[in-house]
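What follows draws every value from the coordinates through simple rules; no lab data is involved. Source: prediction; values computed, not measured. No Cβ is skipped: glycine too gets one built from the backbone with ideal geometry, and neighbour counts run over all protein chains shown.
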Amino acid sequence: MPRPILASISASALAHNLALAMKEAAPAKTWAVLKANAYGHGLLRAAKAFAAADGFALLDLVDALKLRSAGIDKPLLMLEGFFAPPDIPQFVKYRLTPAVHCFEQVEMLRDAAGAGQLGEGLDLYLKVNSGMNRLGFMTEGVAGAWTALKAIPGVRDITLMTHFADADGESGIDGQLQWFSALTHGLHAPKSYANSAALLRFPDKARADWVRPGIMLYGCSPFTFRTAAEIGLKPAMTLSTRVIAVQNLEPGERVGYGFTYQAAKEMRIGVIACGYADGYPRHAPSGTPVLVAGRRTQIVGRVSMDMICVDVTDIPDAGVGAPVVLWGEGLSADQVAVAADTVSYELLCALAPRVPVAEVP
Ligand SMILES: *Cc1c(COP(=O)(O)O)cnc(C)c1O
């Protein structure tokens, strides 16, 4: 029998979450964000489940070519654009839409046009830095980039985009939206702003022409103040395993590397087949929630490479072979993330290649 760990990916949950996002987005169109191997869910698997999306947003040329080879014909938005001049003919050939965020990229495009490489031409997204100070043109750079791009033969439709730093937080989106409209004043083009948090929290302000939800499609909440279930999302990835050993502890006995956990009373400890080499966060402390035989309990001691110890004192029927859910169905990855001082994004993306994946309806 193979080691009992498994990531089950639900195609119907993915499709359900996309439908919810698209309903919120309408009449705007929806880029389903597939970066980071579709947040750990598998690029092609997710693309198939997201057949209703208007387009896909991703980062890597290799991944875009995989989608094209799989017969996917939708628009593909490349969120970091092209990285070097040889990428550009590929963008043209495979009809990819680059985000153009710096003048170096404008130069590369101009050179490619000069060398006759733009062929049928390219649609592109012009990325505006509205205050996050990561990617994008700022102040007079926006109009400068617009004018320069418009003058390049082969540049077709331009969409103006920006990204929010704190759509889920106290600052919200108003400040960045004001900056954006000041920076793009007089430029007439479709617009795209919203990640999951902006779409769900400020739909009317953030919808624009295209939205770009990611995390919500995978069934997790972008918020700390509203759960995925409250939003109506379904978890798409369930990471499960089984108990492979049980230890009975006397008061004072300790558990795991560094002896970081000490039993205050008699305890039963289940040892489960999942560790940080499977993608479970090593920094998850004692107390992080876990489901054993359908009941909620907690991990104890340090997460090892291949195993974690869990408290089954009050789950007497949980012996060797008892089913365990690390996150997903019955326990949102969001709750594990809060306990482990991270975000569900990181948990989902970190799913290790050694974990077998099963596609479930
Ligand atoms: C990742 C990303 C998104 C999606 O963000 P979520 O918080 O996962 O919804 C949208 N836009 C850009 C530019 C991104 O990088």
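Given axes a ≥ b ≥ c from the Cα gyration tensor, I'd like to know whether the chain is rounded (a/c under 1.5), prolate (a/b larger than b/c) or oblate. Prolate is the answer for the chain, as a/c is 1.5 or above and a/b outweighs b/c.
I'd like to know which of 182, 145, 245 lies farthest towards the positive end of the charge dipole of the chain, counting +1 on Cβ of Lys and Arg and -1 on Cβ of Asp and Glu. Result: 245. Loop-located GluC sites (Glu not before Pro) across the stretch 113-187 with a Cβ neighbour count of 11 or fewer within 10 Å are 120, 170, with loop assigned by DSSP.
Would you please put 215-223, 10-18 in order of how densely packed they are, using the mean number of other Cβ atoms within 10 angstrom per residue and starting with the highest? Present the calculation step by step, with values, prior to reporting the outcome.
Numbers: 215-223: 26.1, 10-18: 21.0.
Top to bottom by mean Cβ count within 10 Å: 215-223, 10-18.
Once C-alpha pairs closer than 8 Å and six or more residues apart are averaged by separation and normalised to the residue number of the chain, the relative contact order reads 18 percent. The modelled label-to-label distance for the pair residue 123/residue 174, using points 7 Å beyond Cα in the direction of Cβ, is 3.3 nm.
For the stretch 1-101, what does the alpha-carbon gyration tensor say about shape, rounded, prolate or oblate, given a ≥ b ≥ c as the root eigenvalues, a/c under 1.5 as rounded, and a/b over b/c as prolate? Each step should come with its number before you reach the end.
Working: a/c = 2.29, a/b = 1.33, b/c = 1.72.
Verdict is oblate for the stretch 1-101.
Only helical runs count toward this figure. For the chain, summing -39,500 (n - 2.57) over DSSP H runs of n ≥ 4 and dividing by all residues gives -7500 deg cm²/dmol at 222 nm.
For residue 163, neighbours were defined as the other residues whose beta-carbon sits under 10 Å from its Cβ, and their charges (Lys and Arg +1, Asp and Glu -1) total +3. For the stretch 240-265 and the stretch 123-174, what is the centre-to-centre distance using only Cα atoms, to the nearest Å? The stretch 240-265 and the stretch 123-174 have Cα centres separated by 53 Å. Secondary structure note: in the chain, about 55% of the DSSP beta bridges are antiparallel.
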